[in-house]
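What follows draws every value from the coordinates through simple rules; no lab data is involved. The structure presented is a predicted model; accordingly, all values stated were derived computationally and were not measured. FYI the Cβ positions are ideal-geometry reconstructions off the backbone, even for glycines, and counts take in every protein chain you see.
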Amino acid sequence: MQHVARFPNQPVRVYEGRADADADAGAGAAAGQASGEAAFGLHWNILELYRSVGAGLRSALRDEPDVVSIGVDSWAVDYALLRGGRMLGAPYNYRDERTTAGVAAVHSVVGPAELYRLNGLQHLPFNSLFQLAADRASGDLALADTVLLIPDLLGYWLTGVGVAEITNASTTGLLNPHTRGWDAELMTRLGLPAGLLPRLAEPGSSLGRLLPEVASDLGAGPGVGVTLVGSHDTASAVVAVPATDDDFAYISSGTWSLVGVELESPVVSEEGRAANFTNEGGVDGRVRYLKNVSGLWLLSESVRTWERASGTPIELAELLARASAVTAPVSVFDAADDRFITPGDMPSRIADWCREHGVAVPQNPAEFTRSILESLAVAYATTVQQAAELTGKTVSAIHIVGGGSLNELLCQLTADRTGLTVLAGPVEATAIGNILVQARAAGMVPVGSSLEALRAVVSATFRPTRYRPRGR
Ligand code: LFR
């Protein structure tokens, strides 16, 4: 696979008035007259993202004029509010702190156990329904007539057609995992207007041709269209797991680690809720029974903290080599603790966790790094075992795909902690899964090929790196 473009996607934190300023005080607040605590919002720079996507598409279409299809995927849960076809403001980033109030608002209407029975979704404070509840409370939602998840927003800007692709829609918390339809009753109970969410559509279907103006801007021919794919990045990544049989667990490892198994139908049980497992929608009606257990974000935020303090850039390969060389045991902390979700000084938060739990605090970046990777590997091991127990599935090997598959220490520690063989790669599983679903829709791999047949294409062309468990 050839990269055409790669660009940063950084959220932006902006001042949003004073916490206790009411709506009428808006003008005064803008003039700096209001009292109360300063409120900040964390937003995606979505227009810059769209501009960069456009630049990437332009060069792809210039290099490969035969391109007929474009597929869009991104992270989950986040969305834009629109009115009359226009976006109403920069979408919030799911790490924004407004979701705390949203969780309380939703749980006051539908308790956690009932909510899980309805949506089968892992409790993450940023699931879209909690964000929508926060937007309802702030009055923002009342301004909108449509909500589009991020990949659907990009698809809409490209084609003029707005839908809710189903794998990503499953992360909103408003989808019934059994019927794969919107839960209209739940929406009504939460005060979310019917019609706010667009019609659902399955991966593999055509979203539409590029708008003529967009096609000419991108240098695309009139036949180029957008094909819906697993628009949740994790759904596309799971398509491209190079498994040759059914007995596998996967870890889509990057900023987050999504650890789980694939099922034919959802498992919505109280035990699953207690273990915080999710039933997300997969491509071809499959279910991604998994848990989000945090990820390399812990390391990237730590590196950012150290670089800021020292003023010098950190060479990641060198840091990982030093972490590999740590021989003394390091503390293992709960990587999925909510305190690690928002941006900030991760080493201090990890140190606080260790002190609170009476375990040794890592002393230097190498030890912190080792502690982060050991903690992730332990979380992976527990989660794989839970997934097998909760679903009755046999797991004989673990596939790690995504950026984390390049992290040799993490892969080895995962093999060690699980006692299972780890098969690492491909690193670009998300892009490959996206492309394979488009290729099948276009008949470039036989239409009607199963997911297993798509995975066979990946395993025939890509050889994973094998990590065997080392005795402890
Ligand atoms: C991975 C991912 C996860 C989701 C998180 C937030 O990139 O999509 O699956 O839990 O980002 O959207």
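In sequence order, what are the phi-derived ³J(HN,Hα) couplings for segment 414-423 according to the Karplus relation 6.51 cos²θ - 1.76 cosθ + 1.60 with θ = phi - 60°, rounded to whole Hz, with x for glycine and proline?
Result, rounded to whole Hz: 5, 4, 4, 6, 8, x, 10, 5, 9, 10.
Counting only GluC sites (Glu not before Pro) that are in a DSSP loop and have at most 13 other C-beta atoms within 10 Å, tell me the longest site-free stretch of the chain.
38-263
I'd like the Karplus ³J(HN,Hα) series for segment 131-146: coefficients 6.51, -1.76, 1.60, θ = phi - 60°, whole numbers in Hz, and an x wherever there's a Gly or Pro.
Working through the residues one at a time gives 5, 5, 5, 5, 5, 5, 5, 7, x, 4, 5, 5, 7, 9, 10, 8 Hz.
As I understand it, the dipole of the chain uses +1 on the Cβ of Lys and Arg and -1 on the Cβ of Asp and Glu, about the Cα centre. Which of ALA424, VAL384, PRO362 lies farthest toward its positive end?
Among ALA424, VAL384, PRO362, the one farthest towards the positive end of the dipole of the chain is ALA424.
Based on DSSP, what percent of beta bridges with both residues in segment 46-227 are antiparallel, to the nearest 5? List each step's numbers first, then the result.
Numbers: 11 of 15 bridges.
Bridges in segment 46-227 are about 75 percent antiparallel.
Determine, for VAL361, VAL68, the number of other Cβ atoms within 10 Å of each Cβ, and report the residues in order from fewest to most.
Values: VAL361 16, VAL68 13.
Listing VAL361, VAL68 from fewest to most nearby Cβ atoms yields VAL68, VAL361.
Taking the Cα centre of segment 46-227 as the origin and placing charges on Cβ (Lys, Arg +1; Asp, Glu -1), which of SER52, HIS123, GLY160 is farthest toward the positive end of the dipole?
Value: HIS123.
Nearest-5 percent of antiparallel DSSP beta bridges in the chain? Before the final figure, lay out each step's value.
Details: 34 of 48 bridges.
The antiparallel proportion sits near 70 percent.
Hey, fewest Cβ within 10 Å first, where do THR278, THR465 land in order?
Ranked by crowding around the Cβ, least crowded first: THR465, THR278.
Can you list residues from other chains, or at least 5 along the same chain, whose modelled amide H is less than 5 Å from the amide H of LEU81?
Long-range HN contacts for LEU81: LEU88, GLY89.
Using just the helices of the chain, give the 222 nm mean residue ellipticity in deg cm²/dmol: DSSP H runs with n ≥ 4 each add -39,500 (n - 2.57), and the total is spread over all residues, rounded to 500.
On the way: 18 runs with 186 residues, N = 472.
Taken over the chain, the calculation gives -11500 deg cm²/dmol.
Could you work out how far apart the two model spin labels at ARG189 and ARG463 are, taking each label as a point 7 Å from the Cα in the direction of the beta carbon, and quote it in nm?
5.4
Starting with the fewest neighbours, write out LYS291, LYS393 ranked by other beta-carbon atoms found within 10 Å of each beta-carbon. Working shown, then result.
Numbers: LYS291 23, LYS393 18.
With the sparsest Cβ surroundings first, the list reads LYS393, LYS291.
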